[in-house]
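Engineer: Sharing a structure below in structure tokens format, with a few things to ask.
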Amino acid sequence: MKHEPDIEVVGEAETGREAVQMTRKLRPAVVVMDIAMPLLNGLEATRQIRKDFPETKVLILSAHSDDAYVGQVTLLGAAGFLLKQTSSEVLAKAIREVQKGNTFYSPSISKRVRDQDRKSLDRKGDFTKKNNSLSSREAEVLQLIAEGKPNKQVAAELGVSFKTVDKHRQHLMSKLNIHDVAGLTRYAIAEGIADADRLGVGGWSYGGISTDFIITQTKRFKAAVSGAGAADYSSMWGHDQYQRDYVTELGYPWEHRATWEHVAYSSKIKDVTTPTMFVGGNIDWNVPILGGEQMYQSLKALGRETLLVVYPDEYHGFKTPSHIKDLHERYLAWYAHYVKADGTPARPPEKPVEVKPVKAGN
């Protein structure tokens, strides 16, 4: 666009939410939007921009050209849809056309739009309208859940409380008649709310244990973070605080060996290809770091991308501010490297160790 004298690029956004915020601040004539955007996907960002700033035209530029995406884009009021392999000359022409109030589509997209328009006509010749059952906030929560973010991180991203996010999650499950996160993720992908090529998974405690299970069952996720997870439960026997639960649910390990081996994720470790970081505290007696160590050493032996981070003097819930900060920096770096693939190193720069001088005795 630098060589187009009548077109000025006034801003660039890395996420859908940034695109909405920058539109509010800069009020551009045209927004060129990708569908695959983190935090808030391009479809939802388009819906919010068209609702709040109707004078701004939205032009979709994306590698995704499925009929479902094309249909949603036209319903949301986007002025055009171009495939990413479109030349810069055609893109400039499209920007000028939509700025004038016209529409502009790549040839293959244009044909499908016409076909979908004909199918959308009812018997009276009027267009039938599809109702999107999710509100903007529900779509945002659903995307963040599908991207593998735990409730605490979703709350931080949206600036709301943990309880509010949990309420949205429960409402989504009730509204869609879906009763697990995996089902919500599949729905989000099918509806174009989440990008199937940019999904991560992670969690802490039960979330970490679930993450360990998930990565042994699917290769869908680009990265995973398991905090205070578990692997071979027989090794936890007599070590953590759940002996009564083990006996109730599994029986004694020496009497029901096959059952204990069946639930051990380590038996399925050879199927794991997801780059996974394992983290925990070295004095966590609730869910000992032993499980993370087992998973890490197994993946390392198989030549997989993996990392183990053990924090000193930390129990199940971290207390040291510097450790909490470091943990979240590692989360962001791991997901940015493997999910966003934006060139960020998989681990943040190592901090220099402060060496305090020791006074010599007399």
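Engineer: Take the chain, connect every pair of alpha-carbon atoms lying under 10 Å apart with a spring to form a Gaussian network, then pick out the residue of 333, 196, 63 with the largest mean-square fluctuation.
Structural biologist: Taking springs between Cα atoms under 10 Å, the residue moving most is 63.
Engineer: Most mobile of 265, 252, 338 per a Gaussian network model of the chain (Cα springs, under 10 Å)?
Structural biologist: 252
Engineer: Let me ask something additional. Give the relative contact order (percent, whole number) for the stretch 166-312; include only Cα pairs under 8 Å separated by 6+ residues. Could you put the intermediate results ahead of the total?
Structural biologist: Numbers: 234 pairs, mean separation 31.7, N = 147.
The normalised contact order for the stretch 166-312 reaches 22 percent.
Engineer: Ok, one more. Below 10 angstrom from the Cβ of residue 341, what's the summed charge of the other residues (Lys, Arg +1; Asp, Glu -1)?
Structural biologist: Numbers: positive: 198, 222, 340; negative: 197, 342.
Residues near residue 341 contribute +1 overall.
Engineer: Let me ask another. Charges at C-beta only: +1 for Lys and Arg, -1 for Asp and Glu. How large is the resulting dipole of the chain about its Cα centre, in Debye rounded to 20? Don't skip to the answer; put the middle values down first.
Structural biologist: Details: 48 positive and 45 negative charges, 212 e Å.
So the magnitude is around 1020 debye.
Engineer: Could I ask something else about it? Given 238, 275, 322, which one lies farthest toward the positive end of the charge dipole of the stretch 237-335, if we put +1 on the Cβ of every Lys and Arg and -1 on the Cβ of every Asp and Glu?
Structural biologist: 275
Engineer: Still on this model: Summarise the long-distance tail of P(r) for the stretch 133-196 by giving the % of C-alpha pairs beyond 16 Å.
Structural biologist: Working: 697 of 2016 pairs.
In whole percent, the long-distance tail amounts to 35.
Engineer: Turning to a different aspect of this structure: Given labels modelled 7 Å from the Cα in the Cβ direction, how far is it in nm from residue 161 to residue 239?
Structural biologist: 3.8
Engineer: Would you work out which of 133, 143, 170 lies farthest towards the positive end of the dipole of the stretch 133-196? Charges go on Cβ: Lys and Arg +1, Asp and Glu -1.
Structural biologist: Farthest towards the positive end: 170.
Engineer: Counting only other residues whose beta carbon sits under 13 Å from that of residue 46, what net charge do I get with K and R as +1, D and E as -1? The partial results should precede the final answer.
Structural biologist: Working: positive: 17, 47, 50, 51, 57; negative: 34, 44, 52.
Every neighbour counted, the sum reads +2.
Engineer: Further question on the same structure: Kindly provide the helix-only [θ] at 222 nm of the chain, computed as the sum of -39,500 (n - 2.57) over DSSP H runs of four or more divided by all residues, to the nearest 500 deg cm²/dmol?
Structural biologist: Numbers: 14 runs with 154 residues, N = 362.
Value at 222 nm, helices only: -13000 deg cm²/dmol.
Engineer: Right, here's the next one. Could you give the length gained by full extension between residue 182 and residue 332, i.e. 0.36 nm per residue of separation minus their alpha carbon distance, to one decimal place? Mind dumping the intermediate values first?
Structural biologist: On the way: separation 150, 0.36 × 150 = 54.00 nm, distance 2.20 nm.
That pair, residue 182 and residue 332, stretches by 51.8 nm at full extension.
Engineer: If you don't mind, there's one more thing I want to ask. Could you put 84, 93, 222 in order, starting from the residue whose Cβ has the fewest other Cβ atoms within 10 Å?
Structural biologist: Working: 84 12, 93 15, 222 20.
Lowest count first: 84, 93, 222.
Engineer: Could you estimate the translational diffusion coefficient of the chain from the Stokes-Einstein equation, with Rh from the Kirkwood formula over C-alpha pairs, at 4 °C and 1.567 mPa s, in whole µm²/s?
Structural biologist: Working: Rh = 23.3 Å.
Calculated translational D: 56 µm²/s.
Engineer: Residue 190 versus residue 346, label points 7 Å from Cα toward the beta carbon: distance in nm?
Structural biologist: Going by the 7 Å Cα→Cβ label model, 3.4 nm.
Engineer: If you build a Gaussian network model of the chain, linking Cα atoms that sit under 10 Å apart, which residue out of 343, 203, 148 swings the most?
Structural biologist: Largest GNM mean-square fluctuation: 343.
Engineer: Order these by the 10 Å Cβ neighbour count, fewest first: 296, 206. Please report the intermediate quantities before stating the final value.
Structural biologist: Values: 296 23, 206 12.
By the 10 Å Cβ count, ascending: 206, 296.
All of the numbers you see were taken from the coordinates with simple rules; none came from a lab. In this text, all values refer to a predicted model and were calculated from it rather than measured experimentally. Ideal geometry is used to build each Cβ from the backbone, glycine not excepted, and the neighbour counts take in all protein chains shown.
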